[in-house]
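Notes follow the structure.
The values are calculated or read from the model by the stated rules, or taken from the named source; none is laboratory data. Owing to the predicted nature of the structure, the values given are computational and were not obtained by experimental measurement. Cβ placement follows ideal geometry from the backbone for every residue including glycine, while neighbour counts extend to all protein chains displayed. Accessible surface is based on the protein model in full, side chains and every heavy atom, while ligands, DNA and RNA are left aside. Shrake-Rupley method; radii C 1.70, N 1.55, O 1.52, S 1.80 Å.
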Amino acid sequence: MPAAAGPRAAHALAATDREHEEAMYHLGNLLGLDTSNPPGNEAAAVRYVAGVLGAERVPFEVVEPVPGRASLVARLSAHRPDEALLLSAHTDVVPADPARWTHPPFGGRVADGFAWGRGALDMKHMLAQSLMAVLIANRRGLVLGRDLVLAAVADGEQGCANGSLHLAARRPDLLRARFCLTEAGGFNLRVGERVLVPVGVATKGFAWLRVTAKGEGGHGSMPDEESAVWRLMGALRRIESGLVEQRLCGASIDFMDAVAACLPGARGLAVHALKVGSSSAFLRRVMPDREQSRYFAAITHDTAAVTILRAGSSENVIADTAEAIVDLRVLPGRPVAQAVEALAARLGDDVDVTVIRSGAATVSERRTPMWDLIEDAIGRALPEARVAPWILPGFSDAMAWSSLGITTYGFAPVLLPPGFSYSKLVHAADERVPVDGFRWGLDVLLDVVAGWCCR
Ligand SMILES: [Zn+2]
C-alpha cells in the first residue's frame with residue numbers, strides 16, 4: 001500500500017510520530033465509547049474530547065439540548081471568525097450487533113493493521129484527526145491567520161435535530177466559519193486503471209414518511225381484500241423499484257463525467273448514457289457490482305425505500321390499520337415538500353402520508369480556495385489520484401452548516417488498501433479503518449488546515 005506515514009513536507013502543522021501515535025490513541029478511546037444512536041449518549045464522547053482539550057487549555061463550549069445528547073464546539077481564535085475553517089464530526093454511530101463482529105464493535109481494538117469498531121469510518125476517525133489537528137495547532141503556539149473550529153456533534157445518524165441543527169438554530173455564534181470539512185469523501189476509489197478521490201459537494205434531501213392504510217378489521221378466518229394490509233401493499237407496489245423519478249444535479253453529472261473519463265471506450269460511454277436514462281436493468285448491465293449500481297441509481301434518481309412495516313397483533317385477527325415507514329431521498333434542485341406531494345399522489349388515495357422528519361438537500365460551490373487546497377493536498381499525498389466532486393446519497397451535518405452559509409465539503413481523508421470497500425463497511429459489521437490510511441488522512445487534513453489557517 002502506498003501509504004506515506006509521517007509528514008511529506010515541512011509545513012507548519014506537520015505531525016510528529018508521537019502525535020500520530022497519540023491520534024491513534026484517541027481513536028481507540030473514542031471507538032471504545034458506545035454512542036449508538038438511538039439512544040445516542042454522545043455526552044460520553046463529548047466528555048472525552050472536553051477532557052483532552054481542557055488539559056491543554058483549548059477553549060470550548062458544550063451544548064446539551066437533551067440530557068446525554070451533548071455537542072462540543074472548540075475554537076482557536078485568530079480573531080477572524082467569519083474566515084474560520086470548521087472541522088465537523090458527528091460522535092454518534094449506528095447500532096452494532098456484537099455477534100456479527102470479528103472484534104467487539106466498542107472495544108477500540110487494533111489488530112491486523114486496522115482499528116476495529118463501529119464508527120471507525122463513520123466517523124470517529126475524522127473526530128480523532130480533527131481533535132489532533134486542533135491540539136497540534138494549539139501546541140505549536142502558531143498565530144493562526146484564520147480561526148480553526150472543531151465541532152463534535154450529536155445525532156448525525158438520526159436527522160441531526162439534537163446536534164448540528166440545534167446548534168445552527170440556537171448557537172450560530174459558535175459556528176461562524178467560511179468553510180467546513182466533514183463526511184463523506186476523501187478516500188481513494190479505484191475506477192478502471194485510475195484512482196479518484198471523491199470530495200462531497202452535495203447531499204440529498206430526505207423525508208421520512210408514515211404511510212397508513214385503514215380497513216375493517218375482523219376474524220382471520222374470513223379474509224377481506226380491502227383490508228388495511230392489502231391496501232398498504234397495493235400502494236407500496238407502486239414504488240417497488242425504489243426509483244421514484246429520474247433526475248440529475250450538477251454534482252451527479254460531474255461525478256459521472258469523472259468516472260467516465262477513467263473508463264476506456266464503451267464502458268465510459270455507458271456511464272455517460274446513464275445521464276440520459278438509467279433503468280435498474282441498464283444500471284446493472286453497466287455496473288455489474290451491486291454496490292456501484294445502487295450508488296449510481298441513487299445519484300440519478302429521487303428514491304424511496306420501505307424501511308419499516310407494522311400491522312396486526314394477533315394470529316387470527318385482521319388488522320384495521322397497517323403502516324409503513326418510507327425513506328424518501330431527493331436530489332438537489334427540487335424542494336423536498338414537492339417530492340413528498342408527488343410521492344403521495346403516486347401511492348394513491350388508499351393511504352395517508354404524513355412527514356415524520358425531513359431535511360433539505362445541500363450544494364456547495366466548487367470553485368473556492370478551499371477546493372484548491374484539497375486538490376493540492378491530495379496531489380502531494382497521492383499524486384496518481386484525481387479529486388472528483390461527488391454527491392452523498394444520504395444527509396450529513398452539511399444540512400446544518402450550509403443553512404448558516406458555510407461552504408461545506410465531504411472530506412474526511414483516509415487511504416484505503418486495495419480491495420477495501422468503503423461503502424460495504426460503513427454501517428456494516430466489522431467496520432474498521434486501516435491504521436496507515438488513518439495516519440495518511442491526518443497528514444492530509446493537517447496540510448489543508450495549515451494551508452487555510454496558517455497564513
Ligand atoms: Zn456519518
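Here are a few things to note about the model shown:
- Positions within the range 272-295 being closer than 13 Å to PRO393 by Cβ, in contact (Cβ under 8 Å) with a residue 24 or more places away in the chain and either out of contact with any helix residue (DSSP H, G or I) (no Cβ under 6 Å at 6 or more places or on another chain) or assigned to a loop (DSSP other than H, G, I, E, B) (or both), in sequence order: TYR295
- The residue of the range 67-90 that is farthest from ARG455 (Cα to Cα), among those that are in a loop (DSSP other than H, G, I, E, B) and at pLDDT 95 or above, is PRO67.
- Residue in the range 99-117 that is open to solvent by 10 Å² or more (accessible area, probe 1.4 Å) and in a helix (DSSP H, G or I) present: yes
- Single match in MET370, MET399 (criterion: within 23 Å of PRO172 (Cα to Cα), open to solvent by less than 30 Å² (accessible area, probe 1.4 Å), more than 16 Å from the ligand (Cβ to nearest atom) and touching a strand residue (DSSP E or B) at 6+ places or on another chain (Cβ under 9 Å)): MET370
- Every residue from the range 133-187 that is outside any loop (DSSP other than H, G, I, E, B), at pLDDT 95 or above and surrounded by fewer than 18 Cβ atoms within 10 Å (Cβ to Cβ): ALA169, ARG170, PRO172, ASP173
- Pairs, first closer than 17 Å to THR91 by Cα and assigned by TED's automatic domain parsing to the domain that holds GLU22 in the range 128-139, second assigned to a helix (DSSP H, G or I) and aromatic (Phe, Trp, Tyr), C-beta under 9 Å, six or more apart: ALA128/TYR25; ALA128/PHE438; GLN129/PHE438
- Positions within the range 404-436 being away from the ligand (no atom under 16 Å from the Cβ), more than 21 Å from TRP371 (Cα to Cα) and in contact with a helix residue (DSSP H, G or I) (Cβ under 9 Å, 6 or more places away or on another chain), in sequence order: LEU416, PRO417, PHE420, SER421, ALA429, ASP430, PRO434, VAL435
Rundown of residues vs (1) open to solvent by less than 50 Å² (accessible area, probe 1.4 Å); (2) under 30 Å from SER403 (Cβ atoms); (3) assigned to a helix (DSSP H, G or I), yes/no style:
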position	(1), (2), (3)
ALA202	yes, yes, no
ALA207	yes, yes, no
VAL211	yes, yes, no
MET222	no, no, no
GLY234	yes, no, yes
SER241	no, no, no
VAL244	yes, yes, no
ALA270	yes, no, yes
